[in-house]
Amino acid sequence: MDQDQTAVLRAAIRDVPDFPKPGIVFKDITPLLGDPAAFRLAMELMAEMCADLKVDQVVAIESRGFIFGGALADRIGAGFVPVRKPGKLPWRRVSRAYDLEYGTDAVEMHQDALRPGARALVVDDVIATGGTARAVSHLVEQLGAHVVGHAFLLELSFLQGRGRLAGYEVRSLIRF
Ligand code: AMP
């Protein structure tokens, strides 16, 4: 991957200190999303990054994961499966609790969202501690599908989220 290209993306991500809690530096991707050239470049590079994974379904995490996951699914010719916070999905669900960088939460997916053996790519904007992505992987596997990898726009390397995804293919465009 060309470093100059990811430098453009890096420059379009804003650090917001003490959001949503004191001590957290929030990576705000809205400047990148609002810049047509930067957003298109991010999607081109993410699609390139995942091109070899033969993905059937992109499984993306509410809410910023939907932005990248939806666009990526379209680019790579995959379906899209939403993972949501509790109480949002209308049909029968599977659910999993997990720890966050700032708190605890749970994720849910429809029971019939993935067929057994489907090749699923888990997508989110940011990997911090990796807790969310790991919980989603467990849901995917609970449905009998196969996690072919995890793809993120941005990786907060110092939080060592990759460690929690040991055994999985983990790819990110930008690392801080
Ligand atoms: P984690 O489960 O710790 O990997 O957290 C990942 C989720 O929290 C992702 O959906 C991110 O969007 C969000 N997140 C966690 N930490 C940050 C951060 N410092 N900046 C932006 N988003 C974050």
(request) May I ask you to say which residue of Phe80, Phe39 is part of a helix (DSSP H, G or I) and at pLDDT 95 or above? (result) Phe39
(message) Given the criteria near the ligand (Cβ under 10 Å from one of its atoms) and not hydroxyl-bearing (Ser, Thr, Tyr), does Arg64 qualify?
(response) yes
(request) Of the conditions (1) open to solvent by 70 Å² or more (accessible area, probe 1.4 Å); (2) outside any helix (DSSP H, G or I), Arg162 clears all except one; give me its number. (result) (2)
(request) Please enumerate the residues belonging to region 1-24 that are within 16 Å of the ligand (Cβ to nearest atom), open to solvent by less than 80 Å² (accessible area, probe 1.4 Å) and assigned to a helix (DSSP H, G or I). (result) Leu9
(request) Specify the residue that is nearest to the ligand (Cβ to nearest atom); the eligible residues are those in region 91-117 that are closer than 30 Å to Lys21 by Cα and open to solvent by less than 40 Å² (accessible area, probe 1.4 Å). (result) Tyr98
(message) Just checking, does region 66-73 include any residue being within 26 Å of Asp4 (Cβ to Cβ), open to solvent by 20 Å² or more (accessible area, probe 1.4 Å) and either of a type in the set (A, V, I, L, M, F, W, C) or assigned to a loop (DSSP other than H, G, I, E, B) (or both)?
(response) yes
(message) Quick test for you: out of Val147, Val126, pick the one residue that is of a type in the set (A, V, I, L, M), within 11 Å of the ligand (Cβ to nearest atom) and either open to solvent by less than 60 Å² (accessible area, probe 1.4 Å) or more than 12 Å from the chain's Cα centre (by Cα) (or both).
(response) Val126
(request) Out of the residues in region 25-41 that are among the β-branched types (Val, Ile, Thr) and touching a strand residue (DSSP E or B) at 6+ places or on another chain (Cβ under 6 Å), state the one that is most open to solvent (accessible area, probe 1.4 Å). (result) Val25
(message) Being under 12 Å from Val81 (Cα atoms) and part of a strand (DSSP E or B) is true for just one of Val123, Val148, Val140, Val136. Which residue is that?
(response) Val123
(message) On the basis of being at pLDDT 95 or above, away from the ligand (no atom under 15 Å from the Cβ) and not small (Gly, Ala, Ser), does Lys27 make the cut?
(response) no
(request) Considering only region 69-97, state which residues are among the aromatic types (Phe, Trp, Tyr) and more than 15 Å from the chain's Cα centre (by Cα). (result) Trp91
(message) With the requirement that a residue be more than 10 Å from the ligand (Cβ to nearest atom), open to solvent by 50 Å² or more (accessible area, probe 1.4 Å) and over 17 Å from Val83 (Cβ atoms), what does region 165-176 give you?
(response) Ala166, Gly167, Glu169, Arg175
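The values are calculated or read from the model by the stated rules, or taken from the named source; none is laboratory data. Here the structure is a predicted model, which is why all the values come from computation and not from measurement. Quick reminder, even Gly has a Cβ in these numbers, built from the backbone with ideal geometry, and neighbours come from all protein chains shown. Surface areas here come from the heavy atoms of the whole protein model, side chains and all, with no ligands, DNA or RNA. Shrake-Rupley method; radii C 1.70, N 1.55, O 1.52, S 1.80 Å.
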